[in-house]
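**Student:** This is the structure, below, for whatever I ask next.
Just so it is clear, none of the values below were taken in a lab; they were calculated from the coordinates. Everything quoted here is computed from the prediction, not taken from an experiment. Quick reminder, even Gly has a Cβ in these numbers, built from the backbone with ideal geometry, and neighbours come from all protein chains shown.
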Amino acid sequence: MTTPIAQPDTGDSFVIEGIITELQVALDRENLLAQIASRYQTGSVVTGLGSVLGGFHGQVAAAASVALYDGEYTENFACLIDQQIMCGTFGGASKLPVGKKVKAVVSKHGDVLVARGILSEDEGLVWVSHAWGSKAERMANFKLAWWLFCFAMVCEIACIFFLGVNPAMSELETLLWGVVVTGVLCFGNALLPNGIMSALADPATDIFRKLGFADPERVNLNSYQYGIVHIHELVHSPDWRANYGNIHCYKKAIEDGKLELAK
């Protein structure tokens with residue numbers, strides 16, 4: 001049986017470890033459910049996923065309607081992790097390591113586990129839908145704001161040089177007003193609380209913490225997407241985002257000194 005690993009917090013999600021078997025993957029929920037139902041109903045699977053679904057097929061369908069979503073760059077999956085059903089949505093779910101042990105952050109919907117993040121130590125990979133912790137997300141927003149500010153100031157200086165200024169103001173006054181207004185517009189949005197950002201970054205921070213990363217708020221795996229690290233493998237793959245989009249090379253980030261595991 002899969003044994004939950006004790007966690008210091010009492011959130012809705014928890015950590016399990018187990019071996020992935022009977023992986024089923026489809027690009028959308030309906031096809032995935034039809035694929036699973038077909039295998040179960042025809043009796044083509046005597047053991048494994050089919051036999052488990054004999055008792056929990058209804059719960060799987062209910063969990064799928066809540067936990068799975070159809071997207072252009074995603075794959076829906078269902079599998080066994082030891083003797084429990086686990087399902088979820090990741091770009092790259094088809095690359096989950098069948099027959100190997102993984103650590104997964106999951107929540108429970110009825111009798112089905114819903115995967116929020118999956119880590120394979122053997123492969124050095126982690127499957128997460130959002131690659132930034134909360135502080136890393138905020139820092140990325142500030143970097144974007146800074147580059148927008150610099151671009152806007154270059155444009156403003158060019159306009160002053162080529163088009164001149166209002167006769168009522170000097171060039172310096174025009175420039176200073178531009179700095180103030182541009183700074184407020186660019187950095188104001190980065191400073192204001194962002195509900196969308198928090199809705200993605202806060203759960204990602206919790207996932208990174210439970211998977212065992214040090215300083216999970218500052219985790220940033222965006223540059224370590226599988227498609228970036230192994231671009232030579234995927235350069236001719238038109239559907240690489242669906243097949244690899246949520247896979248991140250966490251061991252490569254550790255080797256580069258960008259990431260640490262908790263002591």
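**Student:** Rank by packing, highest mean first: peptides 136-147, 92-103, with packing defined as the count of other Cβ atoms within 10 Å averaged across residues. List each step's numbers first, then the result.
**Tutor:** Values: 136-147: 16.3, 92-103: 18.5.
Taking the mean over residues of other Cβ atoms within 10 Å, the ranking is 92-103, 136-147.
**Student:** Next up: Taking 41 Å as R0, compute the FRET efficiency from the Cβ-Cβ separation of D215 and S170 and round it to 0.05.
**Tutor:** That gives a FRET efficiency of 0.30.
**Student:** Could you list D256, D111 so that the one with the fewest beta carbons within 10 Å of its beta carbon is first and the one with the most is last?
**Tutor:** D256, D111
**Student:** Enumerate the aspartates and glutamates that K135 could reach by cross-link, defined here as Cα to Cα under 12 Å, with residues fewer than 8 away along the same chain left out.
**Tutor:** Within the straight-line cut-off, K135 pairs with D202, D215, E217.
**Student:** Holding the Cα-Cα limit at 20 Å, pick out from K143/K251; K143/K263; K103/K263; K101/K210; K108/K263 the pairs that are longer than that. Spell out each step's value before the answer.
**Tutor:** Values: K143/K251 25 Å; K143/K263 30 Å; K103/K263 17 Å; K101/K210 16 Å; K108/K263 28 Å.
Exceeds cut-off: K143/K251; K143/K263; K108/K263.
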